[in-house]
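Engineer: Dumping the structure here so I can ask a few things about it.
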Amino acid sequence: MIYLTRHGQTNWNVEKRLMGLTDIPLNESGISQAQSLGKEASQLKIDHIFSSDLLRAKETSEIINKFINVDITLDERLRELNYGVIEGRILKEISSECWDQFNLYPEQLGAESFESAYNRIKDFFRDLVKKNLSNVLIVTHGGALRMMQYYEGNRDFFNKKDYIKNYLSSKIEHALIIKWKD
């Protein structure tokens, strides 16, 4: 079984700032959320944790692991999307024109394309299958989790219009364990 979770809360989440690759630590609430995740994970017989190497996910993984004591593998492929020059901005202050530019031409903002994110998520899961582990927990980010949801139903190709229409705006809560079978 594969279990997925989003890292605990950060101050930038509270401020509704776009984090992307910016390394932000957990806040007190995020630490508490990670501790609750650890308690929940201790009931799941987790064999291994795979985590984004960004600080907020890494801290979440380390706190969870105090409850289950398994190996943690940090993997850059589990990082949040790179939002380029709009990272750090408050979401409601980003114009619709800027979002349109990000969605259509992310490279103009120094950002990562959705297709690139899809390909790294696909690559991660193909490698994970080869490892033949029974129960793993993946600690990652909202954008990466949305891309994983897309990958679950679209393993062979990426359709940007479909992703934007059906997945991009899905809400991903912090610190909830999602069962996801591969």
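Engineer: Taking the number of other C-beta atoms within 10 Å as the exposure measure, put 48, 141 in order starting with the fewest.
Structural biologist: 48, 141
Engineer: Based on Cβ point charges of +1 for Lys and Arg and -1 for Asp and Glu, what charge dipole magnitude is obtained for region 27-178 about its Cα centre, in debye rounded to the nearest 20?
Structural biologist: Values: 20 positive and 23 negative charges, 81 e Å.
The calculation lands at about 380 debye.
Engineer: Suppose R0 equals 35 Å; then what is the FRET efficiency for residue 135 and residue 169 from their Cβ-Cβ distance, rounded to the nearest 0.05?
Structural biologist: Numbers: r = 30 Å, r/R0 = 0.87.
After rounding, the FRET efficiency stands at 0.70.
Engineer: Next up: Please give the length that would be gained between residue 91 and residue 176 if that part of the chain were fully extended, namely 0.36 nm times their separation in residues minus their C-alpha to C-alpha distance (nm, one decimal). Numbers along the way, then the final one.
Structural biologist: On the way: separation 85, 0.36 × 85 = 30.60 nm, distance 2.26 nm.
Between residue 91 and residue 176, full extension yields 28.3 nm more.
Engineer: What does the extension gain come out to for residue 31 and residue 70, with contour length at 0.36 nm per residue minus their alpha carbon separation? Intermediate results must be reported in sequence, preceding the final value.
Structural biologist: On the way: separation 39, 0.36 × 39 = 14.04 nm, distance 1.91 nm.
Difference between extended and current length: 12.1 nm.
Engineer: Taking +1 at the Cβ of each Lys and Arg and -1 at the Cβ of each Asp and Glu, which of 9, 54, 19 sits farthest along the dipole of region 2-180 towards its positive end, judged by Cα position relative to the Cα centre?
Structural biologist: The one lying farthest along the dipole's positive direction is 9.
Engineer: Return the single residue from 157, 124, 50 with maximal mean-square fluctuation; model: Gaussian network over the chain, springs between Cα atoms under 10 Å.
Structural biologist: 157
Engineer: Which three numbers, in whole Å and largest first, are the semi-axes of the equivalent ellipsoid of region 1-44 derived from its Cα gyration tensor as √(5λ)?
Structural biologist: Output for region 1-44: semi-axes of 23, 13, 7 Å.
Engineer: Here's a follow-up. Provide the convex hull volume over Cα atoms per residue for the chain, in Å³. Before the final figure, lay out each step's value.
Structural biologist: Details: hull volume 18.1 nm³, N = 182.
Given the Cα convex hull of the chain, per-residue volume reads 100 Å³.
Where a number appears in this text, it was derived from the coordinates with a stated rule and is not lab data. Predicted model only: the values in this text are computed from it and were never measured. Positions of Cβ are backbone-derived with ideal geometry, glycine not excepted, and every protein chain shown enters the neighbour counts.
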